[in-house]
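The values are calculated or read from the model by the stated rules, or taken from the named source; none is laboratory data. Bear in mind the structure is a predicted one, so any value in this text is a computation, not a measurement. Because the Cβ atoms are built from the backbone with ideal geometry, glycine has one as well, and the counts that use them run over all protein chains shown. Ligands, DNA and RNA are stripped out before the accessible areas are found, and what is left, the full protein with its side chains, is counted by its heavy atoms. Shrake-Rupley method; radii C 1.70, N 1.55, O 1.52, S 1.80 Å.
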Amino acid sequence: MPLGLRQNNNLLHLTLDIWQEQIFFNEAAYPSGYFAAEILNVNDETLRELFTHGGGISHQMESLVCAEQSRFVKLLPELRSSVEKILDALWQCPPYSMLDKEQELRAIELLFSDASVRDLMEPESPARQFFFRYLTAVFSIPLGIFHFSVAGRYFEEGYLQRLKKRTETSFAVAAHDCFNSSDFWTMMEQLPMAGIEAFTVSPAISSSYTFARSPRDEKEMVFVQRISFPSPIHFYSFDLMNGLHHGHAPSQCRNCGKYFLTTNGRIPKYCSGNAPQDAGMTCRQYGAMMRQKEQNREHPIYRLFSTRTNTIRKHHQRGKISDDLRRESLRLAEICRDKALMDNGYAAAGYARDMEQERLYAEARKRVAP
C-alpha cells in the first residue's frame, strides 16, 4: 500500500507516516518540517477568527453541561454556527486544510441533528461523551496553532536567522539555547490560556509500524513509522523537531515575509513564491535583481549615469529644459551607459566625455531641433 494510506485524519486525530527525510499525510509526501513551517503563515485575521469563535464555543459548552433538555435544544443552533465558523477558518490552516471537508461537515450534521438530542442528554452515553470531546478539540485547536506560531516565530527570528551554518548540529544547538531560555518560557507563559495546548519540546506521541511500497521502487516494501498525535501542538512540535533532525528548518523570506522550509545547508534569504512587487518573478529572482541593482549603484559607470540623469530631471522640474529635451537627453545617457558596459576602451576614454552635461544637451538639441 502507498505511504499515508488509511490514516483516518480528522479534527480529533492527526497521523503522520515517517520514512527517512519525508513525511506522508493522506498519501501526499512532504519534507519533514513542512507543516511546522507552513503553519507560521497563518495570518492575524484568521487567528482572530479562530480565537473569537473558539472562545464562544468554550462559553457555550459551560452552559450546555448543566442545561435541561429545552435549554439544551435552544442552545444547539448557536453552538453549531460557532463550530461551522471556526471550521471555515481552520480550512486555511495546514494540515486541517487537507482534511476531508465533506466528512467533517457530515459529522457536524449528525452531532447536531434532532435525532441526536436524546442521546446527548444522557449523562453517561457514548454520544454525549464524544460530543463534548469533539467540542473540546474544536475549542483547543486554535490555541495549539496560536501557541506554536508564537514559539516558532520567536525561534526563527531570535535563533535560526543568526546561524552561520544550517546543519543538524547547529539546529540542535539553536533549539537547545532557545527552548532552555527563561525569556522564551516567560513569554510563553504570558500568552492567553497558556495552560491549554501549551507549547512543548517533548511531544506526546503513540508510534507503531506499517508496511508500504517504497517511494523509490514500487516492487520493494519498506517499514514505515506511523505516529499519532493527541492534539495539534504535539503534531507541530514533533514536525519541527523531526525537521531540525534532518537539517530542515523554517525561514522567513526577506522579501514577502512568508515562512518557508529550507532543506539544505545554504543560508536562505528568499523563498521561491511569487514576488508581491512583480507577479512574473519569484522572490528569489526579485532579490537577485535588487542585489544586482545595489551592486550597480557602486559601479563607476552607473554612478556617473545616475548623477547625470538626476541632474537632467531636476533641470526639467525647474523649467530649464523642455520635455522633449529631457527625453532625448535621458535616451542618449542610456546609450552611452550601455556602450560603456560593453566596450572597456570606450568606458576608459570616451564615456566621461560624452556624459558631460552640456555635451549631452548639445547632442540632444540637434536631435530634437527638426
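Odds and ends about this structure:
- Residues considered: L244, L261, L240, L325. Of these, the only one that is part of a strand (DSSP E or B) and in contact with a helix residue (DSSP H, G or I) (Cβ under 9 Å, 6 or more places away or on another chain) is L261.
- The requirement of being within 30 Å of G55 (Cβ to Cβ), of a type in the set (A, V, I, L, M, F, W, C) and surrounded by 15 or more Cβ atoms within 10 Å (Cβ to Cβ) is satisfied by A151.
- So F171, is it open to solvent by less than 40 Å² (accessible area, probe 1.4 Å), touching a Leu at 6+ places or on another chain (Cβ under 9 Å) and either closer than 17 Å to E157 by Cβ or assigned to a helix (DSSP H, G or I) (or both): yes
- Leading residue by the ranking (most open to solvent (accessible area, probe 1.4 Å)) among those in the range 5-54 that are free of Cβ contacts under 8 Å to residues at least 12 places away in the same chain and on the phi < 0 side of the Ramachandran plot: R48
- Residue match in the range 110-123 (condition: touching a Phe, Trp or Tyr at 6+ places or on another chain (Cβ under 9 Å), touching a residue at least 60 places away in the same chain (Cβ under 8 Å), surrounded by 15 or more Cβ atoms within 10 Å (Cβ to Cβ) and part of a helix (DSSP H, G or I)): no
- Residue within the range 258-267 that is at pLDDT below 95, among the basic types (K, R) and within 24 Å of the chain's Cα centre (by Cα) present: yes
- Whenever a residue of the range 326-347 is under 22 Å from K366 (Cα atoms), its partners that are of a type in the set (S, T, Y) and at pLDDT below 90, lying with C-beta atoms within less than 7 angstrom and at least six residues away or across chains, give the pairs K339/Y346.
- Matching option when the condition is hydroxyl-bearing (S, T, Y), open to solvent by 60 Å² or more (accessible area, probe 1.4 Å) and either part of a helix (DSSP H, G or I) or modelled with pLDDT of 90 or more (or both), among S63, S97, S70: S70
- Qualifying residue in the range 66-81 (condition: under 26 Å from the mean Cα position of the chain (by Cα) and of a type outside the set (D, E)): no
- All positions within the range 247-267 that are touching a strand residue (DSSP E or B) at 6+ places or on another chain (Cβ under 8 Å) and open to solvent by less than 50 Å² (accessible area, probe 1.4 Å): H248, A249, P250, S251, C253, N255, C256, Y259, F260, L261, T262
- Residues in the range 196-230 that are small (G, A, S) and open to solvent by 20 Å² or more (accessible area, probe 1.4 Å): A198, S202, A204, S206, S207, S208, S228.
Residue-wise test of (1) modelled with pLDDT of 90 or more; (2) not charged (D, E, K, R).
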site	(1), (2)
K314	yes, no
R318	yes, no
A347	no, yes
A352	yes, yes
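- Subset tally (residues that are assigned to a loop (DSSP other than H, G, I, E, B) and under 21 Å from the mean Cα position of the chain (by Cα)) for the range 158-168: 3
- Test: residue in the range 273-292 that is among the polar types (S, T, N, Q), open to solvent by less than 70 Å² (accessible area, probe 1.4 Å) and either touching a helix residue (DSSP H, G or I) at 6+ places or on another chain (Cβ under 9 Å) or assigned to a helix (DSSP H, G or I) (or both): no
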